[in-house]
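A.B. asks: My structure is below; once you've seen it, I'll send some questions.
The values are calculated or read from the model by the stated rules, or taken from the named source; none is laboratory data. Keep in mind the model is a prediction, meaning the values are calculated, not measured. Ideal geometry is used to build each Cβ from the backbone, glycine not excepted, and the neighbour counts take in all protein chains shown. Surface areas here come from the heavy atoms of the whole protein model, side chains and all, with no ligands, DNA or RNA. Shrake-Rupley method; radii C 1.70, N 1.55, O 1.52, S 1.80 Å.
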Amino acid sequence: MSKQMRIPTVNLEDANALKSFTYACSHVGCFQIVDSVLERASEIGDIQRCFRRFFHLPLETKMKIRVNAKSNWRGYVPLGCETTRGKSDIKEGFYMGQNNDGNIPFLSGRNRFISGNDAVEGLAHAAALWCDANLSICRKISKLVASTLNLTNEEFSSKIMPEGPFWFCRAFWYPSNSSTSAEQSDMGIHKHTDMGLITVLMLDGIGALRVQGRDGKIYTAKSGVYLLVGDTLAALSSQELYAPLHWVDVPGNSESRLSLVFFFDPSWNAPVMDVTYGRYLVGRDFKWMDVCLESISKTMLTNDSRKRKSLAKIAN
């Protein structure tokens, strides 16, 4: 039986946080987060309960807020309707983002929740608390990132996030094996790296996230809050920090798995150069919006061919 490798832990309030952060991000590209904001905000646990109730709703109810060409990537994504590297993921999703009325193509607007349903009462409030906690954590981590890059926090922010960070959230529901067909993969989401700066995940302890370290060893994360280094951060550090391949196992026969994911990225109009994500190489002066829109056009399954063509046109 192979030994399970333990993912490092970084206490963001410890005096040695920078040293621990640099080691974990250089060798594994992932660490478990310890921070008092997670301990104080006990209400955040409500978001897991709320989303479990949401995903247990009848399909026809969830489909009322399905992501489509007019929803600005907010709402529900049915099972098998998202791909990773060309393969369908065995998961359902719920997409949220910054509430804004700006001019971000396809992504401006308001989050969508099912109203008048007692089963998901309080979801919007719990989700807002979770997003606020993630922003607090990511701002602390940004200071560590700046130090790693030999920049002041002000220099890092002005170069990468001059208009503030671009962030968005996903709730992913991985049904148990008993809920999926024998022909489907044993991976809830296939091997990939994240394209952004950093990703924060809250795991419920059911099933497992697998992370491949720089040395090729496989690390396992089951419960807690974790950070993953993204391709953009790895590129900014000249690959000193490592963006790991990671994937999710489909849970066993008894229980389904919930994962809450928070993506913290450069400003929408920030210039991003030479960023490798998945199979795609950005080799010229791209803005972050170009990277995002190209990714969306290649990972989302949609019946709206006009939208796919529009996304591809903007990304190119």
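A.B. asks: Checking residue 248 against (1) out of contact with any Asp or Glu (no Cβ under 6 Å at 6 or more places or on another chain); (2) aliphatic (A, V, I, L, M); (3) modelled with pLDDT of 85 or more, which test does it fail?
C.D. replies: Here residue 248 clears every test but (3).
A.B. asks: Ok, one more. So which of 15, 24 ends up being within 30 Å of residue 146 (Cα to Cα), over 21 Å from the mean Cα position of the chain (by Cα) and at pLDDT 90 or above?
C.D. replies: 15
A.B. asks: Can you find, within region 210-265, the residue that is surrounded by the fewest Cβ atoms within 10 Å (Cβ to Cβ) among those that are more than 14 Å from the chain's Cα centre (by Cα) and β-branched (Val, Ile, Thr)?
C.D. replies: The qualifying residue surrounded by the fewest Cβ atoms within 10 Å (Cβ to Cβ) is 220.
A.B. asks: So, one more: Which of the residues belonging to region 113-128 are in a helix (DSSP H, G or I) and over 15 Å from residue 201 (Cα atoms)?
C.D. replies: 118, 119, 120, 123, 124, 125, 126, 128
A.B. asks: Please tell me if residue 182 is out of contact with any strand residue (DSSP E or B) (no Cβ under 7 Å at 6 or more places or on another chain) and at pLDDT below 80.
C.D. replies: Yes.
A.B. asks: Just checking, how many residues over region 8-33 are open to solvent by less than 40 Å² (accessible area, probe 1.4 Å), part of a helix (DSSP H, G or I) and not hydrophobic (A, V, I, L, M, F, W, C)?
C.D. replies: 1
A.B. asks: So, one more: Just to be sure I understand, how many residues within region 115-124 are touching a helix residue (DSSP H, G or I) at 6+ places or on another chain (Cβ under 8 Å), surrounded by fewer than 19 Cβ atoms within 10 Å (Cβ to Cβ) and modelled with pLDDT of 80 or more?
C.D. replies: Qualifying residue count, region 115-124: 1.
A.B. asks: State all residues of region 125-134 that are crowded, with 17+ Cβ neighbours inside 10 Å and out of contact with any Asp or Glu (no Cβ under 8 Å at 6 or more places or on another chain); if no residue qualifies, say none.
C.D. replies: 127, 130, 131, 133, 134 - these are the residues of region 125-134 that are crowded, with 17+ Cβ neighbours inside 10 Å and out of contact with any Asp or Glu (no Cβ under 8 Å at 6 or more places or on another chain).
A.B. asks: Here's something else I'd like to know. How about region 137-156: which of its residues are touching a helix residue (DSSP H, G or I) at 6+ places or on another chain (Cβ under 8 Å) and either of a type in the set (Lys, Arg) or open to solvent by less than 40 Å² (accessible area, probe 1.4 Å) (or both)?
C.D. replies: 137, 141, 142, 143, 144, 145, 146, 148, 149, 156
A.B. asks: Right, residue 102: open to solvent by less than 70 Å² (accessible area, probe 1.4 Å), part of a loop (DSSP other than H, G, I, E, B) and either of a type in the set (Ser, Thr, Tyr) or modelled with pLDDT of 75 or more (or both) or not?
C.D. replies: Judged against the criteria, residue 102 is not a match.
A.B. asks: Something else about it: Tell me, which residue of region 55-71 that is in contact with a Phe, Trp or Tyr (Cβ under 7 Å, 6 or more places away or on another chain) and not hydrophobic (A, V, I, L, M, F, W, C) is modelled with the lowest pLDDT?
C.D. replies: Residue satisfying both the conditions and the ranking: 66.
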